[in-house]
Amino acid sequence: MKKLLFILIISFLFACIVSFLGCRKESIVTGTQQVPSNLAINTSVGVKLQTAFVSGDVSMNVKTETSQTVTIKIFNIANTVVSKSTATVKAGDNFLTLYTSAFPSSAYRVGVYDANNNLIAITDFNKL
């Protein structure tokens, strides 16, 4: 009986400790994010893809002067919009993923637009 009571007390204490640790607020470390050299943009605004020759999804950096919602449009070689999405970005560098797996092999253009449909930046890529 003493062993059973001892096991129950230890189990209860362990459960309390786990619950306490699981419910505590985690600290969030903020700071500047290191920009990879292949995504670095030297101007105050711009867009840069990880590579201009894409075979699947590709990382990109969208750099803006202000926090805002942007529209990302992908145009085909006939200048027709084949994909359109929105993203909320902060001032500075923003790392996003461009999903191109469903696109056929061709040349494409990526345009980033502000809420008033003004062009912020544009770049080209080739889907292999």
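The values are calculated or read from the model by the stated rules, or taken from the named source; none is laboratory data. Predicted model, so just to flag it, every value in this text is computed and none were measured. FYI the Cβ positions are ideal-geometry reconstructions off the backbone, even for glycines, and counts take in every protein chain you see.
For segment 115-128, the set of residues classified as of a type in the set (S, T, N, Q) and assigned to a strand (DSSP E or B) consists of THR123, ASN126, listed by residue number. Among the residues of segment 46-74, those identified as part of a strand (DSSP E or B) and under 14 Å from ALA102 (Cα atoms) are VAL54, VAL58, ILE74. Among the residues of segment 65-87, is there at least one that is among the basic types (Lys, Arg) and closer than 22 Å to SER37 by Cα? No, segment 65-87 has no match at all.
Here THR71 fulfils each of the conditions (1) modelled with pLDDT of 95 or more; (2) hydroxyl-bearing (Ser, Thr, Tyr); (3) under 19 Å from the mean Cα position of the chain (by Cα); (4) exposed (fewer than 10 other Cβ atoms within 10 Å of the Cβ) apart from (4). Scan segment 99-119 and give yes if some residue there is β-branched (Val, Ile, Thr) and surrounded by fewer than 13 Cβ atoms within 10 Å (Cβ to Cβ), otherwise no. The answer is no; no qualifying residue exists.
Give LYS48, LYS84 a once-over and let me know the one that is of a type outside the set (S, T, N, Q) and touching a helix residue (DSSP H, G or I) at 6+ places or on another chain (Cβ under 7 Å).
Values: LYS84 fails: touching a helix residue (DSSP H, G or I) at 6+ places or on another chain (Cβ under 7 Å).
Selected residue: LYS48, the only one of LYS48, LYS84 that is of a type outside the set (S, T, N, Q) and touching a helix residue (DSSP H, G or I) at 6+ places or on another chain (Cβ under 7 Å).
I'm checking my understanding of the structure. Among residues of segment 92-114 that are β-branched (Val, Ile, Thr) and in a strand (DSSP E or B), which one is nearest to the chain's Cα centre (by Cα)?
Within segment 92-114, the match that is nearest to the chain's Cα centre (by Cα) is THR97.
Pull out all pairs, ordered by first then second residue, where Cβ-Cβ is under 7 Å, the residues are six or more apart or on different chains, the first lies in segment 78-107 and is farther than 15 Å from THR66 by Cα, and the second is among the polar types (S, T, N, Q) and assigned to a loop (DSSP other than H, G, I, E, B). Close Cβ pairs satisfying both conditions: VAL82/ASN76; SER106/ASN76.
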